[in-house]
1. For the condition assigned by the TED database to the domain that holds B:Leu115 and out of contact with any strand residue (DSSP E or B) (no Cβ under 7 Å at 6 or more places or on another chain), what is the one hit in B:Pro30, B:Pro93?
2. From (1) free of Cβ contacts under 8 Å to residues at least 60 places away in the same chain; (2) over 30 Å from B:Ser130 (Cα atoms), pick out the condition that doesn't hold for B:Ala36.
3. Scan region A:27-60 for residues that are open to solvent by 40 Å² or more (accessible area, probe 1.4 Å), facing another protein chain (nearest Cβ under 10 Å) and closer than 19 Å to B:Val136 by Cβ and report the count.
4. Here is a list of conditions, (1) more than 9 Å from every other protein chain (Cβ to nearest Cβ); (2) under 30 Å from A:Val72 (Cβ atoms); (3) part of a helix (DSSP H, G or I), and B:Ser82 meets all of them except one; can you say which number that is?
5. If B:Asn144 meets every condition in (1) part of a loop (DSSP other than H, G, I, E, B); (2) open to solvent by 20 Å² or more (accessible area, probe 1.4 Å); (3) farther than 22 Å from A:Ile35 by Cβ; (4) of a type outside the set (A, V, I, L, M, F, W, C) apart from one, which number is that one?
6. Look at A:Ser116 and say whether it is open to solvent by less than 80 Å² (accessible area, probe 1.4 Å), outside any helix (DSSP H, G or I) and modelled with pLDDT under 85.
7. Tell me, which helices (runs of 4 or more DSSP H) wholly within region B:282-350 include 3 or more residues that are surrounded by 13 or more Cβ atoms within 10 Å (Cβ to Cβ) and in contact with a Phe, Trp or Tyr (Cβ under 9 Å, 6 or more places away or on another chain)?
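The values are calculated or read from the model by the stated rules, or taken from the named source; none is laboratory data. Just so you know, these numbers come straight off a predicted model, no measurement behind them. Positions of Cβ are backbone-derived with ideal geometry, glycine not excepted, and every protein chain shown enters the neighbour counts. The accessibility values were calculated without ligands, DNA or RNA, using every heavy atom of the protein model including side chains. Shrake-Rupley method; radii C 1.70, N 1.55, O 1.52, S 1.80 Å.
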Amino acid sequence: MIQTFAFYLFAFFVIASGVFTITSRNPVHSVLWLILAFFNAAGLMVLVGAEFIAMLLVIVYVGAVAVLFLFVVMMLDIDFAELRGGFIKNFPLGLAIALVLLAELVLGIGAYRAGSLQLGVADGTSAGLAGESNTANIGVLLYSDYIFLFEAAGIILLVAMIGAIVLTYRERPDGARGHQNITKQNMRRPEDATIMTRPEIGKGVEL
Amino acid sequence: MTEFFQSLGMSYEWAWGTATISGVLLIALPLMLAVAMIIYVDRKVWAAINLRRGPNVVGPFGLLQSFADGLKVFLQETIVPSAANKGIFLLAPIITFTVALVAWAVIPFDAGVVLADINVGLLYILAISSLSVYGVVMSGWASNSKYPFFSAMRAAAQMISYEVSIGFILVCVVLYAGTFNLSGIVEAQRGHGFGIVNAYVFNILLFPMWIMFFISSLAETQRVPFDLTEAESELVAGYQTEYSSMSFALFWLGEYANILLMCSLSTILFFGGWLPPLNIDLIPWFDIPGIVWFLLKTFFFFFMFSWVMATVPRYRYDQLMRLGWKVFLPLSLLFIFLISGYLMLTRYAA
């Protein structure tokens, strides 16, 4: 009873906030609705017993990715009229993408219903430890059966990170390194930075 | 508590519902009271270090100062700036406050005294504390004013930076405890140090982690020396500048509830939670209840927070970022390697 109620509650909020994400005029509102959608999707995952994935969804998407979204969107000075203007032009493309996604969803659900593809059974791999929490299960699967895929994902992320650093790094024309030397700043003593003088009346201080 | 309500003749569902609601009230109401008193303690400690008297007028020793402030704030008018984005402006303090309370659901106060004893308790805390940045960011943006906006920018960058290193520090503790469950982590600390001391902090590999956790929790709760988001000398009051009355009070309460949460996390993760400091039955016929130990330890950490606040000057913003990304992040990563290597050599040696 309460499960059904909770499911419909979360599902309703996911869909409603998804709709508001698209329709709201202010991009900041859009991002906030998107965050609500993420949060409720995490609730749905808790309902199906995937509490680890749910927490990761909140930590990664709500806690980090969406904050950066919000960060960027807040600083944009957006002309709303211009934003609306592109609607007619981009509508066919958007519709095509939506149709592709819909077809894939239907196909996926159909394949799942047909029962031919079940995780960890079809290809003869283990289905994890029985009776362990799904956090432990995910760990065991990731580090045994899927270790190469897992490491490949790690390397892809590493390359992406290095790429981002290389793209934003710029050499100063004067050869100076762009950052401050904190050790040097900490080592500086008042004697190095200040001088005590006793200027005579009518005369300034020559530095 | 569900069993208790079932014994009163309720069905399981009703008993569970009543137990949960009364559990929420049993945590939230004392927490609010604790926040009120802890604000008073904060001001007193701060005053004592500055050789002042602090609040001493309202009630005996000024004990009722926080309640007087609360009443004053409650009776004020809520002012919404005309240029503000009204909905988000009013939503922001509510989010800050709610998020600060929600995280307490998984905190174990004593053996078995916890509202939701879930497997992923620590991840839940991380998830909820990553939400608390939204209150600040939303208020800063919705105020439509310069100082709050700068504050929101700073808060977003600061909290993301320190969340990363807090995450890695928590991984170290989880590696040792072997569970994400907070009660499990506390139990894993029983007799950890030489079979006598009930705390992770006396482990040579985890002690630096605790230091880093403490500093990161200062940054995460935006306390001095990391209070860049509400730096009075630069940003008036940061994201709270445009707020008045209860919406301001909600920020205030949420902030202190968060600080208490961080103190209790320090207690649970590194100082053995509700366990007594020594794993010896010194007085066989008398047991100090676990919750007393828990509250004592938590209060001690809060005292350290106040102490730091009164003694340390504010960081510069680039120093804050450097500390987060260039010092804490590599160090905590290094300790993950060290600790997992050590555990592989000893505990999991095949």
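1. When all the criteria are applied, what remains is B:Pro93.
2. So B:Ala36 meets the others, but not (2).
3. Count: 2.
4. Failing condition for B:Ser82: (3).
5. In the conditions (1) part of a loop (DSSP other than H, G, I, E, B); (2) open to solvent by 20 Å² or more (accessible area, probe 1.4 Å); (3) farther than 22 Å from A:Ile35 by Cβ; (4) of a type outside the set (A, V, I, L, M, F, W, C), B:Asn144 misses (3) alone.
6. So A:Ser116 does not fit the description; no.
7. B:290-311, B:329-345
Residue-by-condition table, conditions (1) over 28 Å from B:Gly87 (Cα atoms); (2) in contact (Cβ under 8 Å) with a residue 60 or more places away in the chain; (3) facing chain A (nearest Cβ under 7 Å); (4) in a helix (DSSP H, G or I):
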{"residue": "B:Tyr124", "(1), (2), (3), (4)": "no, no, yes, yes"}
{"residue": "B:Pro148", "(1), (2), (3), (4)": "no, yes, no, yes"}
{"residue": "B:Ala155", "(1), (2), (3), (4)": "no, yes, no, yes"}
{"residue": "B:Cys172", "(1), (2), (3), (4)": "yes, yes, no, yes"}
